[in-house]
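Encoded as structure tokens, the structure appears first; notes follow it.
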Amino acid sequence: MLRAAALAAHSRRRARALLIAYLAAALACEAPAPPPTDQHTDHASANHAIDQLLDAWHAAAAAADERAYFDALAPDAVFIGTDARERWTKDEFYAYAHPHFVAGRGWVMRASRRALVVRGELAWFDEDLEARNLGPSRGSGVLLRGDDGAWKIKHYVLSTTIPNDDLPIVKRLLESNTRRRSPPAAPPLTGPRLKILGVAQDGGVPHASCRCERCEAARRDPSRAHMVASLALIIPTDGVDAVHLIDATPDLARQLELLPTAPARDRPGVDRHPLASIFLTHAHIGHYLGLAQLGFEVMHTSGTPVRASPRMIDFLRNNAPWQQLIRLGEIIPEPLTPEAGAQLGDVLIRPVVVPHRDEYTDTVGYRLQGPRQTVLYIPDAEPWERWSDAFDAALEGVDVALLDATFYAADELPGRPIESLGHPLVTSTIERLRGRIDRGALRVVLIHLNHTNSLLDPRSPESKSTREAGVHVAAEGEEIDL
């Protein structure tokens, strides 16, 4: 009897299991099937993104927007131009294009037709171009979509189209022209001038220990990295360009490499006199720590004048390791006052007292008056409204103002109120100076950008609105005539 009961219980359980399985199958049959993937939509989205990228890339060339142009290229991109020798890596292409872009001279090309094929993360295209200098031309290339979903140009070939009937004429011309001229370079400035050696806030880009998208992108692609804000004042003296540095940053060693005109660059060994002098603005780490490179352990320079406010000079004299630089004669401290200034060839440079966080020393900017124009350099400052009338006074007679652009917006550092940071917002700078900019009375160049600043991305809406306001973001290697 027990055995019969057990068999009955087993049968009931089995029946319930079969019923549940049947009902589940029935419900599954009645449930609507998931919608199929719309591959057409995916392709249309990719086509649109690539069209926008290529159109913006050509537009950046026409506008001499160096950052936007090279940001569109993958780190290992190759560009092949119309000259037989023009097969360039990204770095080689940058070396060619940089003098043109810095001088504000790009090249104008517009696609009149484009054919595009997308296969997953890979795309290739060809396009007919209306090129101002080349005439009818054609471009073709390959793009790759990265892990972040952004398309980058991996390979681009530019060519001119020649009717077949004209090929014999072109062939004879090429055979008769045995010389191959180098691509034309922008004429260099030869008088007194400023060269921008860095544009970033004290921490540079990528910023230490930061994993934000911008810093990570700069680690993957060195062309998106930026050195700490600094200027070189280059003054022709007796046939040699004397180089004076404004602020000695933690990037000083690399920034010296941007100065091929520095004295004795063509001699082997360590140059003990790489700089004619150094001007310091204040004692925040991005502005004076580079002095350590002049010490016994590195360059061991001899008698390099260091000019700064009397309070900054006292700070160097009374604190290690800077006092050792003075004791060993590696630097010679020279206090500088607004009344006296320093005459360097045709350029008069005067310190300008600047309100800022003065934990160790006071802060100054510099006014550089040259034979052709006057430049004001203020990389660190309190918001302009805290200056009273001093800011307007500092701008009198100034043609170009390189100004503190640490933060674009007040919400860039969550948890830290902007009032505690002591910097003007870019939006405030543009609004305050709009009248001077619109009248053409002042050119504003933004410098000292924090790694959080959206202006470091030339494609950001903030970059676009800043350009539309007639304001320029500084670029490493850019030169400003004095």
- Message: Going residue by residue through region 446-458, is there one that turns out to be at pLDDT 90 or above, part of a loop (DSSP other than H, G, I, E, B) and over 22 Å from residue 68 (Cα atoms)?
- Response: no
- Which helices (runs of 4 or more DSSP H) does region 282-355 wholly contain that include 1 or more residues that are among the hydroxyl-bearing types (Ser, Thr, Tyr) and either at pLDDT below 95 or in the same structural domain as residue 247 (by TED's automatic domain parsing) (or both)? 285-288
- Message: Can you list residue pairs whose Cβ atoms sit under 8 Å apart, with the first residue in region 345-373 being at positive phi and the second being basic (Lys, Arg) and assigned to a loop (DSSP other than H, G, I, E, B)? Count only pairs 6 or more apart in sequence or on different chains.
- Response: none
- Message: With the requirement that a residue be touching a strand residue (DSSP E or B) at 6+ places or on another chain (Cβ under 7 Å) and hydroxyl-bearing (Ser, Thr, Tyr), what does region 77-124 give you?
- Response: 82, 89, 96, 112
- Out of the residues in region 197-226 that are touching a Lys or Arg at 6+ places or on another chain (Cβ under 6 Å) and buried (at least 21 other Cβ atoms within 10 Å of the Cβ), which is nearest to residue 75 (Cα to Cα)? 218
- Query: How do the strands (runs of 3 or more DSSP E) wholly within region 189-268 filter down when requiring 3 or more residues that are under 17 Å from the mean Cα position of the chain (by Cα) and under 28 Å from residue 309 (Cβ atoms): which remain?
  - Reply: 193-198
- Here is a list of conditions, (1) modelled with pLDDT of 90 or more; (2) crowded, with 16+ Cβ neighbours inside 10 Å, and residue 98 meets all of them except one; can you say which number that is? (1)
- Message: at pLDDT 90 or above, in a strand (DSSP E or B), out of contact with any His (no Cβ under 7 Å at 6 or more places or on another chain) and not assigned by TED's automatic domain parsing to the domain that holds residue 473: which single residue out of 74, 59, 68, 49 fits that description?
- Response: 74
- Determine if region 164-171 includes at least one residue that is at pLDDT below 90, of a type in the set (Lys, Arg) and outside any loop (DSSP other than H, G, I, E, B). yes
- Message: So, residue 362, is that one assigned to a loop (DSSP other than H, G, I, E, B) and closer than 24 Å to residue 342 by Cβ or not?
- Response: yes
- Message: Quick test for you: out of 409, 393, 475, pick the one residue that is among the hydrophobic types (A, V, I, L, M, F, W, C), part of a loop (DSSP other than H, G, I, E, B) and either surrounded by fewer than 17 Cβ atoms within 10 Å (Cβ to Cβ) or in contact with a Pro (Cβ under 6 Å, 6 or more places away or on another chain) (or both).
- Response: 409
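The values are calculated or read from the model by the stated rules, or taken from the named source; none is laboratory data. Only a predicted model underlies this, so the values are computations on that prediction, with no experimental measurement involved. Positions of Cβ are backbone-derived with ideal geometry, glycine not excepted, and every protein chain shown enters the neighbour counts.
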